[in-house]
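A.B. asks: Okay, handing you the structure first.
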Amino acid sequence: MLQAPINPADINTIQGVYGVKPNLPFTLGNEGFGIIEKAGSEVKNLKVGDWVIPGTNAWGTWRSYALEEEKNLIKIPNDLDPAMAATLAVNPCTAFRMLQDFETLSKGDTVLQNAANSAVGQNVIQIARHLGFRTVNILRNREGIEKLKQDLQDLGADYVLTEEEFRASKLFKNGELAQPKLVLNCVSGKAVIELVKAMAENGTLVTYGGMSRQPLIVPTSAFIFKNIRLVGYWMTRWNWQHGSNSTERKDMLAMLCNMAKQGSLVAPKHEFVPLDSFQEALARSCDTTRFHETKFIFKF
């Protein structure tokens, strides 16, 4: 293994609140990449020096070495930015699938999302721009908000607003933008009410997180008069339903890798940490008293 990030799913697994509760003992780490150091005589598609990512979830990437069957590994280009390779399998794929699988969008259509500075949010911005969609991105207000807004605009965000600014805005009321058919929610709680108000009739709200740790709150009238649809998304389930060798997965990874090589998809802001420093990195990742704007990546 060369690099592997700490993701919220890893923290939730430790806490025992994730969708899958593994049997112990268990090696943590849901994504990352490694390099082939030796290959058996019957291995056909991998060779020494190839970069690979796990083809299965909960593979256990927080380790130095692994012995694995060829069918459970996916080869990726070895000229990617290493931090991009380490964070390729979860957040970019989540963003791509949500943009593709729930609504048929045309170039110029608008996608609305909260938690826009999250790793998934940053990928939504970049992939949406690549596909020709516009994004309206909502953030929680904080110190350094103007710098954060500019960072997202540099990634390709069309509009970046705080929750308060969005509540007072008339983006979707004065005809400046058509109401979004696709809305992506990572916060939940009362913040969803404002998203629903902005939605187009028959639109879809996709929930993939609950950062507020509050139930999803949606006005009844939105179901009756707008006929909106609420769905959830979990990348793990998609991977279960589409094996590592499926055409859909290969095509998705090929597109994302090409974007990365062209510089139109970059890794989120990150900090490398040695595996020996895991206690400090996990403590900082679990700290709920501050905003998290940096992804920690173990570098072996």
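The values are calculated or read from the model by the stated rules, or taken from the named source; none is laboratory data. Treat the numbers as computed from the prediction; the structure is a model and nothing was measured. Cβ placement follows ideal geometry from the backbone for every residue including glycine, while neighbour counts extend to all protein chains displayed. With ligands, DNA and RNA removed, areas are computed over all heavy atoms of the protein, side chains included. Shrake-Rupley method; radii C 1.70, N 1.55, O 1.52, S 1.80 Å.
A.B. asks: Given points 7 Å out from each Cα along the Cα-Cβ axis, report the Ile193 to Glu42 separation in nanometres with one decimal.
C.D. replies: About 6.2 nm separates the two model spin labels.
A.B. asks: Still on this structure, I have one more. Find how many whole Å separate the alpha carbon centroid of the stretch 89-124 from the alpha carbon centroid of the stretch 149-170.
C.D. replies: 15 Å
A.B. asks: Here's a follow-up. Under 5 Å between amide hydrogens, which residues at least 5 positions from Leu28 or on another chain qualify, with H placed 1.01 Å from N in the peptide plane?
C.D. replies: Trp62
A.B. asks: Which three lengths, in whole Å and largest first, does the stretch 156-300 cover when its Cα atoms are put on their principal axes?
C.D. replies: 54, 42, 29
A.B. asks: Pairs of alpha-carbon atoms within less than 8 angstrom and 6+ residues apart define the contacts here; what relative contact order does the stretch 23-98 have, in percent?
C.D. replies: Relative contact order, the stretch 23-98: 35 percent.
A.B. asks: Just want to confirm a number: the relative contact order over the chain, from Cα pairs under 8 angstrom separated by 6+ residues, in percent.
C.D. replies: The normalised contact order for the chain reaches 18 percent.
A.B. asks: Whole-Å semi-axes of the stretch 238-287's equivalent ellipsoid, largest first, each the root of 5 times a Cα gyration tensor eigenvalue?
C.D. replies: Sorted largest first and rounded, they come to 30, 18, 9 Å.
A.B. asks: I'd like the Karplus ³J(HN,Hα) series for the stretch 62-73: coefficients 6.51, -1.76, 1.60, θ = phi - 60°, whole numbers in Hz, and an x wherever there's a Gly or Pro.
C.D. replies: 7, 7, 7, 9, 8, 10, 9, 6, 4, 5, 9, 10
A.B. asks: Counting heavy atoms of the protein chains only and a 1.4 Å probe, report the per residue accessible area for the chain as a whole number of Å².
C.D. replies: It amounts to 50 Å² per residue over the chain.
A.B. asks: If we sort 271-282, 246-257, 181-192 on the protection proxy, mean other Cβ atoms within 10 Å, highest first, what's the order?
C.D. replies: 181-192, 246-257, 271-282
A.B. asks: If packing is taken as the average count of other Cβ atoms within 10 Å, what order do 196-202, 97-103, 122-128, 67-73 fall into, highest mean first?
C.D. replies: 122-128, 97-103, 196-202, 67-73
A.B. asks: Enumerate the aspartates and glutamates that Lys44 could reach by cross-link, defined here as Cα to Cα under 17 Å, with residues fewer than 8 away along the same chain left out.
C.D. replies: Counting by Cα, and skipping residues close in sequence, Lys44 has these aspartates and glutamates nearby: Glu68, Glu69, Glu70.
A.B. asks: Let me ask something additional. With Kirkwood's inverse mean 1/r over C-alpha pairs for Rh, give me the Rg to Rh ratio of the stretch 1-154, two decimals please.
C.D. replies: Taking Rg over the Kirkwood Rh, I get 1.03.
A.B. asks: Let me ask something else. Taking a ≥ b ≥ c as the square roots of the Cα gyration tensor eigenvalues, with a/c under 1.5 meaning rounded and otherwise prolate when a/b beats b/c, else oblate, which class fits the stretch 146-215?
C.D. replies: Oblate is the answer for the stretch 146-215, as a/c is 1.5 or above yet b/c matches or exceeds a/b.
A.B. asks: Which residue, Ala115, Ala260, Ala222, has the most motion in a Gaussian network model of the chain that connects Cα atoms within less than 10 Å?
C.D. replies: Greatest mean-square fluctuation among the candidates belongs to Ala222.
A.B. asks: List every residue whose amide H lies under 5 Å from the amide H of Arg229, counting only residues 5 or more places away in sequence or on a different chain, with H placed 1.01 Å from N in the peptide plane.
C.D. replies: Gly203, Thr204, Leu205
A.B. asks: May I ask you to give the percent of accessible area on the chain that is carbon plus sulfur, with a probe radius of 1.4 Å?
C.D. replies: 50 percent
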